[in-house]
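Read the structure below first, then the notes.
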Amino acid sequence: MPSDKLEGSFVAMITPMNQDGSVDFAGFDCLLKFQVENGSSAVLIMGSTGEVSMLTPGERQEIIEQTMPMRPDGIEIWYGCTGPNTQETINYCDIAAANGADGAIVAAPPYICASEDDIATYYLEVADASKIPIGIYNNPPRVKTDLSHAALLTLAAHENIVIIKESTSRVGQIAQMAAASPDISLMCCDSPNLGLVVPLMALGGNGTANMSANVIPLEMATISKPWRSWEDACACKDEWLKNLQLLHFLYSAINPVALKSLVGALGLPAGPLRKPLTSLSEAELIAGLRICKTLQLDKKYGYSINI
């Protein structure tokens, strides 16, 4: 088990695809290097940002097998291992472990809308069986099941559960978690609409599990740095406010529609969304590119912004 808590910017990566819809592994290699070069601490491959629910089981295994050997020095690689049931989730964790993954992020199985007690048991069984550390993703907007702080604290006591990512709008839940000081990494989603990032960091959070670093990795590394000084707090605030319009844009459509559309328009490997999802309209995309131009991201990262 890792001795230190994961901190900083934990980036949920897109899954780059070729024009024929197949997975673009050369694109993955490029995007991984981009993240480590720009201050990200870890990446999550095949989270909801990675269109995991539309990948086949064979593709999921191949992505793990092909991307782990690409890992640059200085960054952890985690995989989304949620399956449709407990055993399939354990199976995905086994595949990730066999290929050397640093950990697995697990959400409640989608669609079944299970009770809190059932999902708590599910997490404990997965944690017991997994050969690598796991992180819990409390994400009721995607899976319906919502875990209370009491349930999360019970799960946090398990030695193999090392991250909790919160994706509700409850600042009070974040406060209750922070007050209990569990021996895990406390992280949250970076959606500005949820309003959790600044409160979590102010209360001693360890970072953000975000998707915006696909576009602004340096900025998200600053926002996600734990506050150990007044300078850390001010830097977080400044970057959050400076980039707020872009953060709102990236969540203007269901994740990852706006993000992946913009990543491709900026010249990074992205490719098409997997159907039935489709890219933003031209007018919507131009609005996002204008935000990037105003922020001078083309000068900072060498993006191609043609508007």
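The values are calculated or read from the model by the stated rules, or taken from the named source; none is laboratory data. Keep in mind it's a predicted model, so treat the numbers as computed, not measured. When we count neighbours, we look across all protein chains shown, and the Cβ atoms used for this are built from the backbone with ideal geometry, even at glycine.
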Going through the range 99-117 one residue at a time, which ones are closer than 17 Å to residue 87 by Cβ, of a type in the set (A, V, I, L, M) and not in a strand (DSSP E or B)? 108, 112, 114
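Within the range 71-90, which residues are assigned to a helix (DSSP H, G or I), surrounded by fewer than 16 Cβ atoms within 10 Å (Cβ to Cβ) and either in contact with a Leu (Cβ under 8 Å, 6 or more places away or on another chain) or among the polar types (S, T, N, Q) (or both)?
Answer for the range 71-90, where residues must be assigned to a helix (DSSP H, G or I), surrounded by fewer than 16 Cβ atoms within 10 Å (Cβ to Cβ) and either in contact with a Leu (Cβ under 8 Å, 6 or more places away or on another chain) or among the polar types (S, T, N, Q) (or both): just 87.
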Counted residues in the range 148-166 being touching a helix residue (DSSP H, G or I) at 6+ places or on another chain (Cβ under 9 Å) and either surrounded by fewer than 21 Cβ atoms within 10 Å (Cβ to Cβ) or in a helix (DSSP H, G or I) (or both) come to 12
Of 295, 262, 277, 241, which residue is among the aliphatic types (A, V, I, L, M) and within 18 Å of the chain's Cα centre (by Cα)? 262
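Go through the range 128-147 and give me each residue that's in contact with a helix residue (DSSP H, G or I) (Cβ under 8 Å, 6 or more places away or on another chain) and either without any contact (Cβ under 8 Å) to a residue 24 or more places away in the chain or aliphatic (A, V, I, L, M) (or both). If you could, list the steps in order and put the result at the bottom.
Narrowing the range 128-147 to residues in contact with a helix residue (DSSP H, G or I) (Cβ under 8 Å, 6 or more places away or on another chain): 129-132, 134, 136, 138-139, 142, 145-147.
Once the filter is applied, which keeps residues that are in contact with a helix residue (DSSP H, G or I) (Cβ under 8 Å, 6 or more places away or on another chain) and either without any contact (Cβ under 8 Å) to a residue 24 or more places away in the chain or aliphatic (A, V, I, L, M) (or both), the range 128-147 yields 129, 132, 134, 136, 147.
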Please verify whether the range 274-282 includes one or more residues that are at pLDDT 95 or above and part of a helix (DSSP H, G or I). yes
Residue 189 fails exactly one of the following numbered conditions: (1) over 21 Å from residue 107 (Cα atoms); (2) surrounded by 15 or more Cβ atoms within 10 Å (Cβ to Cβ). What is the number of that condition? (1)
Taking the range 21-45 as the region of interest, how many residues are over 23 Å from residue 55 (Cα atoms), part of a loop (DSSP other than H, G, I, E, B) and either touching a Pro at 6+ places or on another chain (Cβ under 8 Å) or modelled with pLDDT under 95 (or both)? 3
Of the residues 288, 271, which is at pLDDT 95 or above, crowded, with 20+ Cβ neighbours inside 10 Å and assigned to a loop (DSSP other than H, G, I, E, B)? 271
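Residue by residue, here is whether (1) over 24 Å from residue 71 (Cα atoms); (2) modelled with pLDDT of 95 or more holds:
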| site | (1), (2) |
| --- | --- |
| 86 | yes, yes |
| 90 | no, yes |
| 103 | no, yes |
| 110 | yes, no |
| 113 | yes, no |
| 125 | yes, yes |
| 128 | yes, yes |
| 131 | no, yes |
Qualifying residues in the range 227-255 (those that are in contact (Cβ under 8 Å) with a residue 12 or more places away in the chain, within 19 Å of residue 203 (Cβ to Cβ) and among the aromatic types (Phe, Trp, Tyr)) - the one surrounded by the fewest Cβ atoms within 10 Å (Cβ to Cβ): 227
Residues being of a type in the set (Ser, Thr, Tyr) and either loosely packed, with under 14 Cβ neighbours inside 10 Å or part of a loop (DSSP other than H, G, I, E, B) (or both) - total across the range 125-147: 2
Any residue in the range 68-82 that is within 25 Å of residue 107 (Cα to Cα) sitting within a Cβ distance under 7 Å of a residue that is surrounded by fewer than 24 Cβ atoms within 10 Å (Cβ to Cβ) and acidic (Asp, Glu)? List the pairs, counting only those 6 or more apart or interchain. 76/102; 77/102; 78/102
Sort out which residues of the range 257-301 are over 16 Å from residue 246 (Cα atoms), among the aliphatic types (A, V, I, L, M) and in contact with a Cys (Cβ under 8 Å, 6 or more places away or on another chain), and write them in order of number. 268
Among the candidates 111, 122, single out the residue that is surrounded by fewer than 23 Cβ atoms within 10 Å (Cβ to Cβ), without any contact (Cβ under 8 Å) to a residue 40 or more places away in the chain and either of a type in the set (Lys, Arg) or under 20 Å from residue 51 (Cβ atoms) (or both). 111
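For every residue, the table says whether it meets (1) under 24 Å from residue 76 (Cα atoms); (2) part of a helix (DSSP H, G or I); (3) at pLDDT below 95; (4) not β-branched (Val, Ile, Thr).
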| residue | (1), (2), (3), (4) |
| --- | --- |
| 168 | no, no, yes, no |
| 172 | no, yes, yes, yes |
| 182 | yes, no, yes, yes |
| 187 | yes, no, no, yes |
| 194 | no, no, yes, yes |
| 213 | yes, yes, no, yes |
